[in-house]
Amino acid sequence: MADTTDAAVLITDAQGLVVYHNSGFSRMFGWTLDEVRGQHGPTLLARQASEEFFASIRKELLAGRSVKVDELIISKEGRRHWCNLVCNPVMDPEGEWLYTISVLLDITRTKIYEVLNNRVLEAMARDLPLIEVLEMVCEEVEQIAPEISASILQVDDEGVLHPLASPSLPFSYSSQLDGVVIGPSVGSCGTAAWRKEPVLVTDIATDPLWADYKHLILPLGYRSCWSTPIMNKDSKVLGTFAFYYRESGPHVASAFHQQLVQACIYLCALAMEREQTRLRIRHLAYYDALTGLPNRSLLQASADQLLQQQHSESQSAAVLFIDLDRFKHVNDSLGHSGGDALLCAVADRIKGLLRHAGIAGRLSGDEFVMVLPHTDCEHIGLLIERVQSTLMQPLHLKDTAVDVSASIGVAVYPQDGHDIETLIHRADMAMYQAKKAGRGRFSFSVRK
């Protein structure tokens with residue numbers, strides 16, 4: 001009768017030595033009765049548990065009371081199972097404890113959800129970085145299933161892979177995946193992201209999906225890889241969750257591993273969507289929504305840091321206040337969409353000018369500010385000519401040629417001020433002087 005149940009039944013004596021177990025115990029944990037008869041059952045199954053844990057259970061059983069507890073049980077192969085453990089003491093007529101009948105039910109799937117949910121949600125509530133949260137997920141999975149190595153990759157909006165978490169894989173391997181574009185034959189992960197469905201490769205050495213990448217992973221001893229896409233509620237691929245195996249066989253993509261994956265990909269998607277939302281909020285708070293340039297708040301904070309560095313190095317810096325000429329005319333003739341397109345084009349040109357050093361931002365309307373380090377008075381004229389030449393290049397909007405020019409006011413640190421607010425104000429005043437002189441001019445701040 002005991003052998004017909006899926007539950008594991010274990011009988012131990014008063015010293016905790018194994019007397020009997022059913023076939024369900026063998027199926028669940030891998031040991032035959034001959035292998036464990038006479039061994040100390042509690043220590044055999046719960047090797048990680050403390051002496052205090054065993055003592056508390058023994059105290060209850062000695063008193064003739066049943067014990068119910070959820071505990072992590074380690075199988076013969078080292079696999080971890082969360083079990084609901086019910087221990088009932090068997091007493092003789094005098095009340096002496098003779099045996100314990102223990103019934104173990106595998107609740108791994110439920111417990112995985114519970115443990116991972118609690119840990120991930122707690123980590124997110126503590127606002128831990130995304131990488132730390134995902135590393136924790138991988139480590140928890142690898143503790144439950146030590147035969148696998150877990151890996152999480154991010155897929156950006158351009159379909160490019162970026163490693164996020166892989167605690168058991170060498171950094172030298174993960175780093176070589178950074179920047180790989182997903183496709184129909186890009187290993188297990190790149191292909192899973194491309195297909196939007198799980199991809200199982202049981203022989204990396206011969207499978208064509210790994211033809212261009214097997215030389216990276218085979219020397220590390222891995223032979224199989226199973227990857228599942230992580231998708232948001234709109235079916236957009238956010239990343240991949242992969243299990244690497246050192247061998248092929250029944251352990252690869254087993255039902256148990258599928259339970260692990262299902263428990264994890266939801267939490268991974270939740271953490272990754274939350275990070276994207278956090279970044280969007282940060283971007284809205286510190287960047288101009290139209291041009292992508294820093295807004296006034298971020299510009300001032302970044303410029304203050306730059307000026308502090310210039311001060312420590314006894315270097316100068318130039319602050320350029322740029323105002324587009326005849327911007328209202330573009331808005332009136334091409335509409336607001338044309339004006340927005342012009343602002344974005346100018347912003348892109350300004351970003352190009354900052355390829356090597358400096359910061360820039362959009363204040364409002366058609367006003368931009370550039371802060372350029374290591375700029376002395378001797379070279380500032382050449383610098384402004386380069387800026388004006390770049391901004392004045394021909395531009396076509398809505399099939400219409402648009403002449404672009406800008407009036408520029410210049411203030412120099414530290415001669416014209418020691419803080420960014422003062423320097424922007426003086427560069428702004430200089431810009432109005434330039435506008436009075438005509439289009440496409442520049443003017444320096446007048447020092448009193």
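The values are calculated or read from the model by the stated rules, or taken from the named source; none is laboratory data. Please read these numbers as outputs of a predicted model, since none were measured by experiment. Cβ atoms come from the backbone with ideal geometry, glycine included; neighbour counts cover every protein chain shown. Surface accessibility is based on the protein's heavy atoms, side chains included, excluding ligands, DNA and RNA. Shrake-Rupley method; radii C 1.70, N 1.55, O 1.52, S 1.80 Å.
Residues that are aromatic (Phe, Trp, Tyr), in a loop (DSSP other than H, G, I, E, B), farther than 22 Å from Ala255 by Cα and more than 21 Å from the chain's Cα centre (by Cα): does segment 194-214 have at least one? Among the residues of segment 194-214, at least one is aromatic (Phe, Trp, Tyr), in a loop (DSSP other than H, G, I, E, B), farther than 22 Å from Ala255 by Cα and more than 21 Å from the chain's Cα centre (by Cα), which makes the answer yes. When segment 29-50 is filtered for residues that are within 20 Å of Phe256 (Cβ to Cβ), at pLDDT 90 or above and not aromatic (Phe, Trp, Tyr), only Gly30 remains. Scanning segment 22-48 for residues that are closer than 20 Å to Asp70 by Cβ and open to solvent by less than 20 Å² (accessible area, probe 1.4 Å) yields Gly24, Phe25, Phe29, Gly41, Leu45, Ala46. Only one of the numbered conditions (1) over 38 Å from the mean Cα position of the chain (by Cα); (2) open to solvent by less than 70 Å² (accessible area, probe 1.4 Å); (3) polar (S, T, N, Q) is not met by Ser364, and that is (1). Within segment 73-86, the set of residues being at pLDDT 85 or above and either assigned to a loop (DSSP other than H, G, I, E, B) or open to solvent by less than 10 Å² (accessible area, probe 1.4 Å) (or both) comprises Ile73, Ser75, Lys76, Cys83. Listed conditions (1) open to solvent by 50 Å² or more (accessible area, probe 1.4 Å); (2) in a strand (DSSP E or B); (3) farther than 23 Å from Val261 by Cβ are all met by Asp70, apart from (3).
Total residues in segment 140-174 satisfying the condition of being of a type outside the set (A, V, I, L, M), crowded, with 21+ Cβ neighbours inside 10 Å and not in a strand (DSSP E or B): the figure is 1.
Determine if segment 88-105 includes at least one residue that is modelled with pLDDT under 85, out of contact with any Cys (no Cβ under 6 Å at 6 or more places or on another chain), outside any loop (DSSP other than H, G, I, E, B) and open to solvent by 50 Å² or more (accessible area, probe 1.4 Å). Within segment 88-105, none of the residues are modelled with pLDDT under 85, out of contact with any Cys (no Cβ under 6 Å at 6 or more places or on another chain), outside any loop (DSSP other than H, G, I, E, B) and open to solvent by 50 Å² or more (accessible area, probe 1.4 Å). Of all residues assigned to segment 303-326, at least one qualifies as being within 21 Å of Asp416 (Cβ to Cβ), open to solvent by 10 Å² or more (accessible area, probe 1.4 Å), under 38 Å from the mean Cα position of the chain (by Cα) and among the aliphatic types (A, V, I, L, M).
From the list Val410, Val404, Val387, Val371, the one residue that fits, being surrounded by 14 or more Cβ atoms within 10 Å (Cβ to Cβ), outside any helix (DSSP H, G or I), of a type in the set (A, V, I, L, M, F, W, C) and within 41 Å of the chain's Cα centre (by Cα), is Val371. Only one of the listed residues (Ala289, Ala255) is under 20 Å from Thr108 (Cα atoms), free of Cβ contacts under 8 Å to residues at least 24 places away in the same chain and surrounded by fewer than 16 Cβ atoms within 10 Å (Cβ to Cβ). That residue is Ala255.
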